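I have placed the structure first, in the form of structure tokens, so that the comments after it can refer back to it.
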Amino acid sequence: MNRTRRLTGLIRPYTPTFAIAIILMAVVGACEALWALLIKPVFDSVFQRAHANGPIVLINLHRLHGPTITLQDFMPRSVHDPWMMVAIAIVGVTFIKGLSSYFATYSINYVGQSVVRDLRNRLYTRIIRQSMAFFLEKPTGNLISTVTSDIERVQDAVSHVAANFLKQTFTLIGLLGVIFYIDWRLALISLILVPLVIFPSAKIGRYIRISSRKSQDKMAELTHILQETFSGIHVVKAFGMEQFEGEKFMAATRRLLRVNMRWVRANALTSPLMELMGSVTVAGLLLYARNEILHHAQTTGGFVAFIYALLKMYDPIKRLTSVNNGFQTAVGASERAFEVLDLQSEVPEKAGATATAPFEKEISFEDVDFSYEDLPILQRVNLRIQNGEVVAIVGPSGAGKTTLASLIPRFFDVTRGRILLDGRDIRDLKLASLRSQIGIVTQETVLFNDTVFSNIAYGQKSVSQWKVEEAARAALAHDFIEELPAGYETELGDRGHRLSGGQRQRIAIARALLKNSPILILDEATSSLDSESELLVQEALMNLMEGRTVLVIAHRLSTVRRADRIVVLDRGTISEIGTHEDLVTSGGIYQRLHELQFVDVEKSVVRG
């Protein structure tokens, strides 16, 4: 019930437009009722008394001391012919119904599209504001499926389903009024079978909601496989795993097919059930009406109008059950979207958080512990990094080097202890203000499918061409950028695939230079490059590091020799701190790592 209330609550900002749609749909329902009422005079007045000039009664409420409404009340006085009056009425009612239906459908779909836009924006904003832990836990394919496929189902509920619900509801009310007006006893008899359809339909609707959720889960699984395969296509091809991946994808589509067919079976059952009940009702009415007409208790026109209204009435009942099925499908699909919207970020910003002044003194780690899913990563880390100092973090794989650096911009929050920036706990600072102080260049360079200019100027709301080019020159990227087909306006393609690894890295360095943050984190920034590219990138990095406080994470010890201090991490704790000269002869982990790398270099030289 909570999901249903939240789903319908999304319409609240568009209440005026939705109210107009409701009014227009009520007009559509009234026109359907008028159509049924017009059948009676066709048989009783037009066919049987074609030359009569008496009033053509549409509604007679004299028994209730109400007015008698005739067709002549709506016609010009110059029109007397019954044929002409009925013809004009039919065309007029149809025109009004069509016009109302058009604008009502447009209004409903405007509301539906707007609601989906708002929900998708809220969902996307909530997702990108989650911590890095969230993205480590949630498969990318599932998140994409939630923002795209799940929300499409919600759109169907708010637009198509809502339009159908309003139209069929008002049509049903109008036609119910007609059959009770013509013969209330016959109407009651006709409606006896309706509960026999409604109760099973409600049960089918609940089953469809469950099936819809399962269907969306399977679709998310499919999206995840696609995303994983396409992003790692070079590995798939290198290992000749095309057939394996194809079979895995086909197995996922089979699971999706099975779940979808359960939904189809349940949905398809509704219509035959309605038709069966409708046919039984009409058959009984034919037998009943024969005696009524013979004894003049009912006119031929009245009975035909009753049958027409009854048959038309069963259509909205049938469609309303389908509307319920569609709504339950949307509720099932929306569950995962609302689950994401209800998530609280693991790295929240305090209500009273303030902006930080430009970094001046030091970064301090005080008794810092960090655990991920109850697995200890860092323990009792105490470290001070002075302004302008270059500190290298080294250690075996899995020691926690990248995690330590990721705590400074609050990609994760410490489990215990605190990190201070110029004496202030970083949890007391606004996230945007904190992260504006930090530039990051990583091993995996992230470039966007945009121009070179936009990639360098990423995060800068307004920046001149001259400043972008200046940053590119300092990053030793200007020359190769000028050689590109459109220079700085060249589209880089997905993840910058048109550039080499060294070129991508220099674009990332130019981006960090333009940001001009006082604190810089270099996470394995040259580890995946060839020797020639590494020399260029190293020179660019030296330009970037000048005048900044730098935290360097590296496996290659040759890249950290000139650091002011080297911090050695081992199993989440700091085991050694010193300069290269101090540590290389200390007999500790750093010396062992240095010797292993030196031996590897010697072996490669001998083999060469």
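Listed highest first by mean packing, meaning other Cβ atoms within 10 Å per residue, what order do 15-25, 161-171, 579-589 come in?
So the order, starting with the most tightly packed, is 161-171, 15-25, 579-589.
As a test question: what accessible area, to the nearest 10 Å², does Y14 have when a 1.4 Å probe is rolled over all protein chains in place?
Rounded to the nearest 10, the figure is 30 Å².
Using every Cα-Cα pair within the range 115-190, state what percent have a distance larger than 15 Å. It would help to have the intermediate numbers written out before the result.
Details: 1972 of 2850 pairs.
Of the Cα pairs, 69 percent sit more than 15 Å apart.
Note down the accessible area of H478, probe 1.4 Å, to the nearest 10 Å².
H478 exposes around 30 Å² with every protein chain in place.
Less than 13 Å Cβ to Cβ from S433, Lys/Arg counted +1 and Asp/Glu -1: what total charge do the surrounding residues give?
For residues surrounding S433, the net value is +3.
The values are calculated or read from the model by the stated rules, or taken from the named source; none is laboratory data. On a predicted model such as this, the values are computed, not experimentally measured, just so you know. Here the Cβ is made from the backbone with ideal geometry for all residues, glycine too, and neighbour counts use every protein chain on show. All accessible areas refer to the heavy atoms of the entire protein, side chains included, with ligands and DNA or RNA removed. Shrake-Rupley method; radii C 1.70, N 1.55, O 1.52, S 1.80 Å.
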